[in-house]
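Okay, structure first, notes after.
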Amino acid sequence: MDLNGSICYNCEGNLTGSACRTAYDLGGEEVEKYVNSYVIVTVFLVLGILFPIFVLSLGKLLRPHKPAPGKEMTYESGNVPVGDSQIRFNVRYYLYALMFVVFDVETVFLYPWAVAYKQMGLFALVEMVIFAGLLLIGLLYAWKKKVLQWNSI
């Protein structure tokens, strides 16, 4: 015990006074570690926001600015542009790309599951069957709506 009657945690009762650390002192260190972790995250967040702003602003100040009609023209691999550059694409392209992203993300979830399957057991198998089943339902729906058919337009 120290002079205040608190239980000493690091000296097993052999030291008293300022050399003995009490439970309050240990809690203070834990709070300091906790606050320090948030300070680190805050510093990285501020740097992550301010550094790109600074670099882009510096680039804007240092680059030459000499606009010309030829520079502002749409680049078409050396050919003279024909027609408007703002054209509408068929929504089928976007749906096809979205289907690719969905099934690409599925493989991202399947790989770690397959690696750690032995440790997770039957529960993980049931969860993955439900996940794959939902994706299969989405695939069947897209097939029924003929999203996967690629016709020339």
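I'd like the accessible area for MET99, computed on protein heavy atoms only with a 1.4 Å probe and all protein chains in place. Round to 10 Å², please.
For MET99, solvent-accessible area is about 40 Å².
Per residue, how many Å² of accessible area does region 88-152 show with a 1.4 Å probe? All intermediate terms of the calculation are to be shown ahead of the outcome.
Values: 5630 Å² over 65 residues.
Here the residues of region 88-152 average 87 Å² of exposed surface.
Principal axis lengths of region 41-113 from Cα atoms, whole Å, largest first?
Reported extents, whole Å, longest axis first: 55, 46, 18.
Does region 95-153 come out rounded, prolate or oblate, given a ≥ b ≥ c as the square roots of the eigenvalues of its C-alpha gyration tensor, rounded meaning a/c under 1.5 and, failing that, prolate meaning a/b above b/c?
Numbers: a/c = 5.25, a/b = 2.38, b/c = 2.21.
Prolate, because a/c is 1.5 or more and a/b exceeds b/c.
Considering only protein heavy atoms and a probe of 1.4 Å, how much of the accessible area of region 88-152 is carbon and sulfur, as a whole percent? Present the calculation step by step, with values, prior to reporting the outcome.
Working: 4040 of 5630 Å².
For region 88-152, the apolar C and S fraction of the accessible surface comes to 72 percent.
The values are calculated or read from the model by the stated rules, or taken from the named source; none is laboratory data. Predicted model, so just to flag it, every value in this text is computed and none were measured. The accessibility values were calculated without ligands, DNA or RNA, using every heavy atom of the protein model including side chains. Shrake-Rupley method; radii C 1.70, N 1.55, O 1.52, S 1.80 Å.
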